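Please find one structure pasted underneath; my questions will follow.
Quick note: the coordinates plus some simple rules give every number you see, no bench work behind them. Remember, it's a predicted structure, so these values are computed and weren't measured experimentally. Every residue, glycine among them, receives a Cβ derived from its backbone with ideal geometry; neighbour counts consider all protein chains shown.
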Amino acid sequence: GAPQLNEQTGQMSKCDMCVDLLAKGEPPVCVATCPLEAIKFGPIDELRAKYGSVCDVYGLPDSSITKPNLVVKAHQGAEKEGKRHA
């Protein structure tokens, strides 16, 4: 995640993927609490096998530049939306 400044303490912090929970075999908080279950976590090969390998979405930088380690299962209208505004 992006670094965040705690203005009260003056310290920067950043998502660590809940390393303490992962060590206990539990998912990150964002995955466990996502109300729509839209966030998944696991080995990237398993996620790609289950959800496909799409990682380019209109509005995000091209994956050939950023080399993301994620899978996006976009809404069915997302591709059309991007083409309309591109």
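How high is the relative contact order of the chain, in percent, counting Cα pairs under 8 Å that sit 6 or more residues apart?
Rounded, it is 16 percent for the chain.
Considering the values (1) 21, 14, 11; (2) 78, 4, 4; (3) 27, 20, 13, which represents semi-axes √(5λ) of the Cα gyration tensor in Å as calculated for the structure under consideration?
Among (1) 21, 14, 11; (2) 78, 4, 4; (3) 27, 20, 13, the one calculated here is (3).
Something else: Sort the following peptides by mean Cβ neighbour count (other Cβ atoms within 10 Å, averaged over residues), highest first: 26-33, 5-12, 61-68.
So the peptides 26-33, 5-12, 61-68, ranked by packing, come out 26-33, 61-68, 5-12.
Enumerate the residues in region 54-76 having an amide nitrogen under 19 Å from the point lying 7 Å beyond the Cα of Lys40 toward its Cβ.
Answer for this model: 54-57, 68-76.
Expressed in nm to one decimal, what extension gain is obtained for the pair Val19 and His75 from 0.36 nm per residue of sequence separation less their Cα-Cα distance?
Numbers: separation 56, 0.36 × 56 = 20.16 nm, distance 2.98 nm.
Stretched out fully, the Val19 to His75 stretch lengthens by 17.2 nm.
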